[in-house]
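The values are calculated or read from the model by the stated rules, or taken from the named source; none is laboratory data. On a predicted model such as this, the values are computed, not experimentally measured, just so you know. Don't worry about glycine lacking a Cβ; one is built from the backbone with ideal geometry, like all the others, and counts go over all protein chains shown. With ligands, DNA and RNA removed, areas are computed over all heavy atoms of the protein, side chains included. Shrake-Rupley method; radii C 1.70, N 1.55, O 1.52, S 1.80 Å.
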Amino acid sequence: MDLWSRKRDLIYFGFFAIHIPIIFLVDTVPLLPSFLRTDLSLQLRSYYIETFRDKFFEGPVPAWFTSYIWMELCYHVPLSAWALVALLRDDPLVPVHLLVFGIQSFLTSLTCLVEVWGWDDRTVTEKQNITMLYGPYVALGGLMALDMFFRLRGRLLPKPKQE
């Protein structure tokens, strides 16, 4: 079955195709060696910080958030590249890998949102704007994890007998 007929997989494919550039152009810029930092990435990151006032991207950055950025670089990048090819091929390992990714993405993004809503030096509007950025990762991560869980469940459990 081709990717165009698998609507959820098409959404995941689109997400991963967008996710990789965001990781390198915004999220992981401080972790990258200077020769990998481009004017575009520095401008986009500055725009993001000025527009959204996301304390995770200002300073000082909490150690746990830095670990989340490292997870993006070391886990999300290779997984996302693999997922693009695997989704095109309808690889049978997609549900296993995307279940893990979905859970991890859901939990890390939710942790960030809980922290954001605890900030007392940001307005409700600023928190809502940041939520509009992190919220889709929470939603997509949760939906992806549920989707992959039920796909695996369908493969692992015997089908009920027809009487």
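In the context of the full protein assembly, Thr125 retains an accessible surface of approximately 80 Å², using a probe radius of 1.4 Å and ignoring ligands and nucleic acids. Think of each Lys and Arg Cβ as +1 and each Asp and Glu Cβ as -1; about the Cα centre, that makes the dipole of the stretch 3-154 roughly 460 debye. Compute log10 of I(q)/I(0) for the stretch 72-137 with the Debye formula, placing one identical point scatterer on every Cα and leaving out solvent, at q = 0.15, 0.23 Å⁻¹, to two decimals. The Debye formula, applied to the Cα set alone, gives -0.59, -0.94. With the whole protein complex present, Asp147 retains an accessible surface near 20 Å², based on a 1.4 Å probe. Its residue count N fixes a reference of 2.2 N^0.38 Å for the chain, and the Cα radius of gyration divided by that reference is 1.18. Sequence-ordered 3J(HN,Hα) estimates for the stretch 107-123 from the Karplus curve with 6.51, -1.76 and 1.60 and θ = phi - 60° stand at 5, 5, 5, 5, 4, 4, 5, 4, 5, 4, 6, x, 5, 9, 10, 10, 6 Hz, glycine and proline given as x.
For the chain, the relative contact order is 24 percent, taking Cα pairs closer than 8 Å that sit 6 or more residues apart in sequence and dividing their mean separation by the residue count. With θ taken as phi - 60° and the Karplus curve 6.51 cos²θ - 1.76 cosθ + 1.60 applied, the whole-hertz 3J(HN,Hα) list for the stretch 128-135 is 5, 5, 5, 4, 5, 8, 7, x Hz, x standing for glycine and proline.
Once all protein chains are placed together, Ile18 keeps about 100 Å² accessible to a 1.4 angstrom probe.
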